[in-house]
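Here is the structure we will look at, set down as structure tokens.
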Amino acid sequence: MKPKAKILIIAGSDSSGGAGIQADIKTVTALGCYAMTAVTAITAQNTTGVKSIVGIPPKEIFNQIFFTVRDIKPDAIKIGMLHSEEVIKNIIKSLKKIKTNKVVLDPVMVAKGGFKLINNRAIIALEKQLIKKSYLLTPNIPEAEILTKTKINTPEDMILAGSILINKGASNVLIKGGHLKSKFVRDVLINKKEIKVFKNKRINTKNTHGTGCTLSSAITAYLACGKKINKACELAIKYVNQAIGSKINYGKGHGPINHLTSVSLNKEFK
Ligand code: PXL
């Protein structure tokens with residue numbers, strides 16, 4: 001097959017391959033699209049935790065974006081880990097050079113083992129300056145709590161937090177419900193017109209490293225292919241659930257999900 005659409009991914013590297021830009025590239029590819037990248041930071045990590053982080057200089061992040069998109073135009077953009085205020089300022093500057101309003105912002109804050117991936121000034125810059133540039137914001141519950149200064153214990157709390165984030169300027173917000181303890185996972189999509197709840201049975205496994213990165217990249221791929229926001233979220237959630245369910249069980253800690261769940265090889269490559 002030929003790629004259906006072109007995606008620019010702006011995110012951090014996860015050496016273990018389960019989350020971050022590695023998860024993003026795998027997802028975009030496994031869903032039939034072409035992935036371009038701007039690396040924001042490099043983490044050394046495995047499934048048991050993060051060892052260290054090195055930020056890429058903001059000017060170099062800008063250069064990766066600017067030089068890449070000058071040549072190949074992306075149909076949509078996915079933004080993940082942005083560790084500092086300076087990086088966020090450069091991302092905003094670079095977005096002005098790109099003619100797509102399909103920007104999906106995953107406000108990455110903490111890695112699975114609890115390691116902080118963003119500093120406090122960057123959280124403020126993200127909240128005050130970047131949310132309003134995004135077509136879709138995809139926080140999990142702890143991220144939504146920080147961005148809205150509310151406590152989220154129920155789906156109703158998620159809806160309230162979602163509406164606060166819409167008022168901060170995002171066109172759509174998908175709050176991911178995986179952190180609430182319940183038999184069913186409810187992800188809530190909100191915009192100015194409607195509220196949609198995606199309800200799925202929880203899959204019991206410790207191997208959920210990279211689910212957030214994967215979900216936001218999958219939505220970006222579907223949006224780039226022309227799907228409407230509801231359908232893009234529905235299909236992306238289905239992809240992540242299948243990827244979790246296929247249980248590859250790598251590593252001693254929180255292992256990766258199976259990004260290849262959507263792929264089958266042609267006969268000549270077997
Ligand atoms: O899952 C959030 C995330 C995003 N980006 C990078 C990460 C992680 C989690 O570990 O390492 C680079």
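In table form, for the structure just shown:
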{"quantity": "Matching residues in region 250-270 - criterion: being touching a helix residue (DSSP H, G or I) at 6+ places or on another chain (Cβ under 8 Å) and either assigned to a strand (DSSP E or B) or not hydroxyl-bearing (Ser, Thr, Tyr) (or both)", "calculated": "256, 257, 258, 259, 260, 263"}
{"quantity": "Unique residue being within 22 Å of residue 43 (Cα to Cα), modelled with pLDDT under 95 and among the basic types (Lys, Arg) when the list is 112, 96", "calculated": "112"}
{"quantity": "Every residue from region 96-116 that is under 28 Å from residue 72 (Cβ atoms) and surrounded by 20 or more Cβ atoms within 10 Å (Cβ to Cβ)", "calculated": "102, 103, 104, 105, 106, 107, 108"}
{"quantity": "Test: residue in region 226-240 that is closer than 20 Å to residue 210 by Cβ, without any contact (Cβ under 8 Å) to a residue 60 or more places away in the chain and touching a Ser or Thr at 6+ places or on another chain (Cβ under 7 Å)", "calculated": "yes"}
{"quantity": "Subset of region 108-136 [more than 16 Å from the ligand (Cβ to nearest atom), closer than 23 Å to residue 214 by Cβ and either over 14 Å from the mean Cα position of the chain (by Cα) or small (Gly, Ala, Ser) (or both)]", "calculated": "133, 134"}
{"quantity": "Lone qualifier among 84, 94 - being away from the ligand (no atom under 15 Å from the Cβ) and among the polar types (S, T, N, Q)", "calculated": "94"}
{"quantity": "Residue 71 vs. criteria more than 11 Å from the ligand (Cβ to nearest atom) and out of contact with any strand residue (DSSP E or B) (no Cβ under 9 Å at 6 or more places or on another chain)", "calculated": "yes"}
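The values are calculated or read from the model by the stated rules, or taken from the named source; none is laboratory data. What you are looking at is a predicted structure, and each value in this text was computed from that prediction instead of being measured. Cβ coordinates were reconstructed from backbone atoms using ideal geometry, including for glycine residues, and neighbour counts include every protein chain displayed.
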